[in-house]
Each structure stands twice: as structure tokens, then as C-alpha cells.
Amino acid sequence: QFATRVVSCREAELRPEGGGEPVRGFQVVLEDTILFPEGGGQPDDRGLIGEVPVLRVTRRGPEAVHFVQAALEPGAEVLLSLDWERRFDHMQQHSGQHLITAIADQMFGFKTTSWELGRQRSVIELDTPSMTAEQIEALERSVNEKIRERVPVTVRELAADDPDIETVRSRGLPDDHVGPVRVIDIEGIDSNMCCGTHVSNLSDLQVIKLLGTEKGKKNKTNLVFLAGNRVLKSLEQSHSTEKALTSLLRNGPGEHVEAVKRLQSSVKLLQKNNLNLLRDIAVLIARDFKSKPVPSQLFVLHRKEGDSEFMNIIANEIGTEETLLFLTVGDDKEAGLFLLAGPVEAVENLGPRVAELLGGKGAGKRGRFQGKATKMSRRGEVEALLQEFTSNGSPEA
């Protein structure tokens with residue numbers, strides 16, 4: 001917690017990180033703050049000003065701007081409270097990034113070009129086209145050795161013209177930077193110009209887990225990692241998943257992969273057999289219709305199970321030169337598929353109207369109009385429309 005005073009408060013809007021409508025509120029500047037404004041790859045802190053939640057903290061030149069939804073009186077004394085769990089998580093990830101960056105450079109000459117502290121995991125962009133599994137393993141082993149050595153992490157503030165700045169790793173200062181230059185030192189390992197929050201000893205990182213790499217942009221590699229409590233949370237989630245799979249698959253964790261492979265093979269075989277049966281059913285339905293002494297001009301069929309191929313097989317077997325076919329597959333309460341097939345002129349005239357009645361979209365050519373439907377329960381209205389057409393030669397409005 002930290003006692004301070006309100007300097008200014010003005011109306012503003014905040015755009016949520018996940019998108020959506022802007023939130024109306026106020027931008028508050030304090031005499032000083034313990035809430036970190038987003039910057040340097042690190043998200044901002046959260047907390048309270050008195051009882052008012054701080055939804056965002058941003059930097060405006062030398063000022064930290066706090067977004068809140070209740071107005072605060074300029075000149076009023078207030079008590080700031082910091083969301084420590086969020087802050088400590090960011091400290092672990094940010095110091096972890098500095099350590100990984102420094103060791104990756106020392107071991108392999110891989111320079112860090114950027115990084116992102118994500119909600120679930122963090123990513124370091126390395127200036128290399130690829131990393132081998134052996135390099136990742138060696139890097140992970142080395143950074144965890146440094147954690148066990150309990151290496152101190154300290155903060156220095158240097159004047160902008162201090163010659164020591166030349167010895168510090170940096171990607172440059174922001175254009176609007178003012179005041180002293182802040183340097184984070186990992187004793188004997190790294191000196192880095194940085195505005196973010198950090199642990200005071202590498203032992204506070206607990207452990208670092210490198211999750212692997214992903215292809216980056218312009219011949220770069222993204223190294224994904226977890227540090228500290230995030231490793232424990234990930235382990236807890238993995239263990240919960242493992243327990244659930246053990247219960248479902250009825251075997252030990254070491255056999256899960258083979259069990260899933262067998263299930264996948266079984267599902268593929270069942271799907272293949274199901275498709276073959278659907279094709280056979282389609283042929284039998286069509287032959288049954290054609291075997292009737294006086295075939296109807298209109299053939300209507302709905303089936304819950306099926307697909308476009310099922311409907312097209314029926315249309316092919318029956319023939320569409322003289323018969324108008326309206327076929328649908330799917331659940332009445334959900335989306336489904338439809339096919340209108342028959343004489344070209346009739347289908348061109350009726351297809352768009354059928355799609356409209358079914359609340360769907362479709363397209364057609366050469367006597368077939370098919371697409372997706374969202375209102376399968378309105379099939380009766382379509383059938384009435386088609387009955388009117390086949391009886392009178394033109395549908396009623």
C-alpha cells in the first residue's frame with residue numbers, strides 16, 4: 001500500500017482489451033504511484049485507489065495515468081493498494097526473460113529482438129531461424145542452474161550522460177523518456193536497460209520451463225516459456241487432465257497416447273462404415289421411389305443423419321428431369337443442409353425462395369440448388385410451396 005494525493009481527474013473512455021464497447025470513466029494522475037504502467041513488454045499493474053478499482057495504468061511522458069470508473073477529487077489524499085499476485089507473476093516472468101535472454105546470447109549468440117508477457121505464457125523473439133531440441137534443453141538446464149545459485153538482482157539509476165550506459169544491453173530509450181536511466185543487473189550475468197518490475201534474487205523465480213519454439217517472422221524464432229508460479233499452475237492443470245484421461249481411458253498415463261491412437265483408428269473405421277451405409281440407404285430410397293407405378297412429381301425427404309453426398313446420391317439415382325426433389329438433413333432445432341433438385345427453370349425460380357424460408361444461404365447450377373439452413377423447422381412451408389408449384393405450375397406468394 002502507498003499513500004499519495006490526487007493531482008488531476010478528467011473524463012475519458014477505455015477500450016477493453018478483448019474488444020467491445022468502450023467503458024466510460026476517468027483518467028487519474030497521482031503525485032506518485034506504486035502501480036506500474038504498461039511498457040517494455042510488460043503489462044500494467046492492477047489495484048485500488050481507496051475502494052475504487054484501477055482498470056488500466058498507462059504512461060504519458062513521465063506520468064502514470066490510472067483509469068477508474070469513479071471520479072476522484074484533485075488534492076484529496078488517497079491510499080493505493082497493489083494487486084500483489086499479478087505484480088509478482090509479472091516480476092517472475094520479466095526477470096525470467098532477462099535471464100533467458102542473457103544466457104541464450106552467451107551460449108549460442110542468439111540476440112533477443114522483442115518479447116511479450118502473455119496471460120498464460122510468455123514469448124521471446126530470438127534472432128535465429130531455428131533452435132534445436134538440444135539447444136533448448138541446454139538453455140533450460142543453464143537458466144535453472146543460475147536460479148539455484150541464488151544470484152542477486154539489483155536496480156541502478158544512471159544519468160542519461162553516464163558513460164556506464166554504453167556497457168548496458170539496450171534496444172534504445174523511448175522518444176519521450178525523461179529522467180534517469182534505469183538498469184537491471186543480474187550479478188555476473190547481465191546488465192539491461194529496463195523500466196519493468198523484477199525480483200531481487202533469481203531464487204524468487206523458483207523454476208523456468210521452456211515449452212519449445214514456434215516459427216517467428218523474418219527468419220526469427222519465438223521461444224515460449226513459463227517462470228515461477230506459472231510452472232506450478234501448468235503442472236497442476238496437466239495433472240488434472242492426466243487424472244481425467246486415466247479415468248476415461250481406464251489405463252495409466254504411460255498408455256494414454258496408444259489408447260487414443262486406437263480410439264482414433266476405431267472412429268475412422270466407424271465413420272467409413274457409416275458413410276458406406278448412408279450411400280446404400282440413399283440408393284435404396286431412390287430405387288423404392290422409382291419402383292412405384294405412378295411416380296410423384298415431387299419427392300420430399302428429411303433425415304437427421306446425412307450429408308450433401310447422401311442427398312446428391314438420391315438425386316442422381318432418381319433423376320431430376322421430371323421430378324422435383326426437396327431433401328434435408330440435420331436436427332430440427334439446429335442448423336442443417338438442404339438440396340433442391342429438378343428441372344433447371346423450376347430450380348432457378350424456387351431455389352432462392354427455399355433458402356429464404358429456411359433462413360439459410362445457398363447456390364445452384366444445372367438444376368441443383370443447395371446450401372445451409374438455420375430454420376429446419378420450416379420445412380413444411382417449403383413443401384407447401386413446392387406442392388403448389390407442381391400442382392399449378394407456379395408458386396403462390
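Residue check: residue 107 meets all listed conditions (1) touching a helix residue (DSSP H, G or I) at 6+ places or on another chain (Cβ under 7 Å); (2) assigned to a helix (DSSP H, G or I); (3) open to solvent by less than 40 Å² (accessible area, probe 1.4 Å) but one, namely (3).
From 313, 281, which residue is among the aliphatic types (A, V, I, L, M), under 18 Å from residue 340 (Cα atoms) and either in contact with a Pro (Cβ under 6 Å, 6 or more places away or on another chain) or surrounded by 10 or more Cβ atoms within 10 Å (Cβ to Cβ) (or both)? So that I can check it myself, show each step before the final result.
Details: 281 fails: under 18 Å from residue 340 (Cα atoms).
One residue alone meets the criteria, 313.
Do we find that residue 98 is assigned to a helix (DSSP H, G or I) and touching a Gly at 6+ places or on another chain (Cβ under 8 Å) in this structure? Against the criterion (assigned to a helix (DSSP H, G or I) and touching a Gly at 6+ places or on another chain (Cβ under 8 Å)), residue 98 does not qualify. For the range 68-91, the set of residues classified as of a type in the set (D, E, K, R), surrounded by fewer than 14 Cβ atoms within 10 Å (Cβ to Cβ) and in a helix (DSSP H, G or I) consists of 85 only.
Going by the conditions given, is residue 263 under 28 Å from residue 309 (Cα atoms), under 28 Å from the mean Cα position of the chain (by Cα) and not assigned by the TED database to the domain that holds residue 112? Before the answer, list the steps.
Values: under 28 Å from residue 309 (Cα atoms): yes; under 28 Å from the mean Cα position of the chain (by Cα): yes; not assigned by the TED database to the domain that holds residue 112: yes.
When the stated conditions are applied, residue 263 passes them.
Specify the residue that is surrounded by the fewest Cβ atoms within 10 Å (Cβ to Cβ); the eligible residues are those in the range 323-375 that are within 17 Å of residue 307 (Cα to Cα) and touching a residue at least 60 places away in the same chain (Cβ under 8 Å). Selected residue: 370. Looking at the range 284-308, which of the residues that are in a helix (DSSP H, G or I) and surrounded by fewer than 16 Cβ atoms within 10 Å (Cβ to Cβ) is nearest to the chain's Cα centre (by Cα)? Across the range 284-308, the extreme among qualifying residues is 308. In the range 47-67 there is at least one residue that is touching a residue at least 40 places away in the same chain (Cβ under 8 Å), buried (at least 18 other Cβ atoms within 10 Å of the Cβ) and farther than 30 Å from residue 201 by Cα.
Against the conditions (1) open to solvent by less than 60 Å² (accessible area, probe 1.4 Å); (2) part of a loop (DSSP other than H, G, I, E, B), residue 18 satisfies every one except (1). Restricting the range 110-148 to residues that are within 19 Å of residue 204 (Cβ to Cβ) and assigned to a helix (DSSP H, G or I) leaves a set whose member that is nearest to the chain's Cα centre (by Cα) is 140.
Screening residue 311 against (1) outside any loop (DSSP other than H, G, I, E, B); (2) in contact (Cβ under 8 Å) with a residue 40 or more places away in the chain; (3) more than 26 Å from residue 288 (Cβ to Cβ); (4) not polar (S, T, N, Q) leaves a single unmet condition, (3).
With respect to residue 33, determine if the residue is surrounded by 12 or more Cβ atoms within 10 Å (Cβ to Cβ) and without any contact (Cβ under 8 Å) to a residue 60 or more places away in the chain. So residue 33 passes the test.
The values are calculated or read from the model by the stated rules, or taken from the named source; none is laboratory data. Everything numeric here is computed off the predicted structure, so don't read it as measured data. When we count neighbours, we look across all protein chains shown, and the Cβ atoms used for this are built from the backbone with ideal geometry, even at glycine. Side chains included, ligands, DNA and RNA excluded: accessible areas come from the protein's heavy atoms. Shrake-Rupley method; radii C 1.70, N 1.55, O 1.52, S 1.80 Å.
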